[in-house]
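Report on one structure; see the data block that follows.
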Amino acid sequence: MSSDSFSSLPLSSALIANLDSLNYKKMTAVQAESLPPILANNDVIVQAKTGSGKTAAFGLGVLQQINPRFFGVQAMVICPTRELADQVANEIRRLARCIPNIKLVSLCGGKPLRLQADSLEYGAHIVVGTPGRIQDHLSRNTLVLKGLRTLVLDEADRMLDMGFYDEITDIIQYTPKTRQTLLFSATYPHSIKKMCQSILKNPITIQVESTHASNVIQQLFYQTNQQQRHEALLTLFEHHQPANSVVFCHTKIQCDQVAKFLNDHHIEALAIHGDLEQRDRDQVLVRFSNKSCSVLVATDVAARGLDIKSLYAVINYELPHDPEIYVHRIGRTGRAGETGLALSLFTDSELARIIAIEEYQDKSCTTEPLDRLNRQNHYRLKSPMVTLQIDSGKKNKIRPGDLLGALTGDAGLAGKQIGKINIFPLFSYVAIEPKALSKALNYFKNGRVKGRFTRARLIQ
Ligand code: ADP
Ligand code: MG
């Protein structure tokens, strides 16, 4: 019988004490099953849904192995996108904050190669990055993996979907054969199985229940037709009035069209998909997570793996072909013991997809006629916050407390009018209540943060 307390694991007492301070009281199911074999140095394949705590599973496995006195890369995590790499880097940093002198370097596109190469030269223990950029550094010899002990492939299914197979196999050529390899994935399609055969040694496979307990997410299906899909979506909003939601679409064009339609009908929405510039993607994600936007219209690629907490509803504008993707999408609502809501529109031509979902979940789908829903004539969905972009960031050594201090001090805002603060290298974003907006903007006409003249503008 495995206990679900972290202290049952062969981890240093500092790591365990830190977990307690992070309020990680018990292991999640994935952690309880995967950490023992990971810490015993096995190759491990882990398949579990988003939000199940996979990062800490490999993060702890990695940290337990690091020798801070050896200045070389001992662990490397490959992630599909920069956002995911940033999330992983942040989580590992949090887990590592009890261990002095551990250096983690992020290697993602969009940042100067030179600066990253300098950081590597100073000595990095852990590298977290995206395939293309890691490859760049390997080919320039600015990244050397001779001392690598652990290689982690996070969101492996996504990486294959995005066409990174060749990059990954190329990167692996630079790593020692003696390495430990850990592969994490939300789904386990055939392509992953095949890749595992060539890069993992006698792996232990761990699969954690991929469907939510069925009562945690209420799933409702609504039949419509192609011409009325937009209108049907509006009906769903008017009836269910989700405080925040992600609307899933298939294509980028669809995302843009749906977001525009919702905005035209006074439901504030932002589209996110792979065509956006990195900075715009960051902004959209910041605005969604800080409550300046209540509806995100996204493709699977853009939304996957993102750690959006307590999502009121997931809406499928169209059903995905693969029932596993459906389950994955709806898994974003009703996290952490809350009840979630999954609403799906479908047309005649998507009936086969409903059947596939029923078979996959081994239960029938509940359909509700759209015309039984209460339509609200003047329904509007306004976000509770707005976002200011501040033209100072990490590079200017700005910390959240500096911005909070300036806004509640000289600018005269009340603390409760200020929401989430995100600091990026060159910019920072502050969520504030719309009522406080003019006061804040006025302040920044002449205001200073940390003694430096700093400008701000409203993002819209
Ligand atoms: P996944 O990679 O499986 O999608 P994450 O690693 O991003 O999931 O974890 C989801 C959330 O759960 C994160 O906010 C993380 O901080 C939190 N978390 C992870 N492990 C624990 C734990 N043992 N106790 C409490 N919260 C946890
Ligand atoms: Mg993850």
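The values are calculated or read from the model by the stated rules, or taken from the named source; none is laboratory data. Note that this is a predicted model, so its numbers are computed, not measured. A quick note on method: Cβ atoms are made from the backbone with ideal geometry, for glycine too, and the neighbour counts reach across all protein chains shown. Accessible surface is based on the protein model in full, side chains and every heavy atom, while ligands, DNA and RNA are left aside. Shrake-Rupley method; radii C 1.70, N 1.55, O 1.52, S 1.80 Å.
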Long-range amide H partners of Ile204 with built H, under 5 Å: Asp43, Val44, Ile45
Among Pro189, Ile418, Pro10 the positive-end extreme of the charge dipole of the chain (Cβ point charges): Ile418
Cα centre as origin, Lys/Arg/Asp/Glu Cβ charges: the chain dipole, Debye: 2200
Can you give the accessible area per residue of the stretch 6-207, in Å², using a 1.4 Å probe? 42
Would you work out if the stretch 6-207 is rounded, prolate or oblate? Take a ≥ b ≥ c from the square roots of the eigenvalues of the alpha-carbon gyration tensor; rounded if a/c is under 1.5, else prolate when a/b is larger than b/c, oblate otherwise. oblate
Total formal charge among the other residues, if their Cβ is under 9 angstrom from that of Phe427, Lys/Arg +1 and Asp/Glu -1: -1
Mind checking which aspartates and glutamates have their C-alpha under 20 Å from Lys260, skipping anything on the same chain fewer than 8 residues away? Glu231, Glu238, Glu268, Asp275, Glu277, Asp280, Asp282, Asp300, Glu318
Place +1 on the Cβ of every Lys and Arg and -1 on the Cβ of every Asp and Glu in the chain, take the dipole about the Cα centre, and give the residue among Tyr174, Thr205, Ala271 whose Cα lies farthest towards its positive end. Tyr174
Expressed as a percent, the accessible surface of the chain that is carbon or sulfur, using a 1.4 Å probe and the full set of protein chains, is 49
Name the shape class, rounded, prolate or oblate, that the alpha-carbon gyration tensor gives for the chain, where a ≥ b ≥ c are the square roots of its eigenvalues, rounded holds for a/c under 1.5, and otherwise prolate holds if a/b is larger than b/c and oblate otherwise. oblate
If a paramagnetic tag sat 7 Å from the Cα of Lys395 along the Cα-Cβ line, which residues of the stretch 118-140 would have the backbone N under 19 Å from that point? 118-120
Mind ranking 244-254, 96-106, 167-177 by how tightly packed they are, going by the mean number of other C-beta atoms within 10 angstrom, highest first? 244-254, 96-106, 167-177
To the nearest 500 deg cm²/dmol, what mean residue ellipticity at 222 nm is calculated for the chain from DSSP H runs of n ≥ 4 alone, each contributing -39,500 (n - 2.57), summed and divided by the residues? -10500 deg cm²/dmol
Check: the stretch 217-372 dipole with +1 on Lys, Arg Cβ and -1 on Asp, Glu Cβ, in debye: 480
Run through the DSSP bridge list for the chain and note the antiparallel percent, rounded to the nearest 5. 20
accessible surface per residue for the stretch 217-372, probe 1.4 Å, DNA/RNA/ligands not counted, whole Å² -> 41
Test of understanding: what is the full-extension gain from Ser5 to Lys194, defined as 0.36 nm times their sequence separation minus their Cα-Cα distance? 64.6 nm
Counting Lys and Arg as +1 and Asp and Glu as -1 over every other residue whose Cβ sits under 12 Å from the Cβ of Cys293, the net charge comes to +2
Return the whole-Å distance between the Cα centroid of the stretch 257-308 and the Cα centroid of the stretch 78-143. 26
Phi-based couplings in Hz for the stretch 95-102 (Karplus 6.51, -1.76, 1.60; Gly and Pro marked x): 5, 8, 5, 8, 9, x, 6, 9
Counting sequence-distant residues (5 or more places) and residues on other chains, those with an amide H built under 5 Å from that of Gly109 are Thr130, Arg133
Student exercise, the stretch 6-207 dipole from Lys, Arg, Asp, Glu Cβ charges, in Debye to nearest 20: 400
The local net charge around Ala440, scoring Lys/Arg +1 and Asp/Glu -1 for residues other than Ala440 whose Cβ lies under 13 Å from its Cβ, equals +3
For Lys420, enumerate residues with amide H under 5 Å from its amide H, sequence gap 5+ or separate chain, H modeled in the peptide plane. Ala431
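Starting with the highest mean, order 374-386, 138-150, 417-429 by the number of other Cβ atoms within 10 Å, averaged over the residues of each peptide.
With the highest mean Cβ count within 10 Å placed first, the list reads 417-429, 138-150, 374-386.
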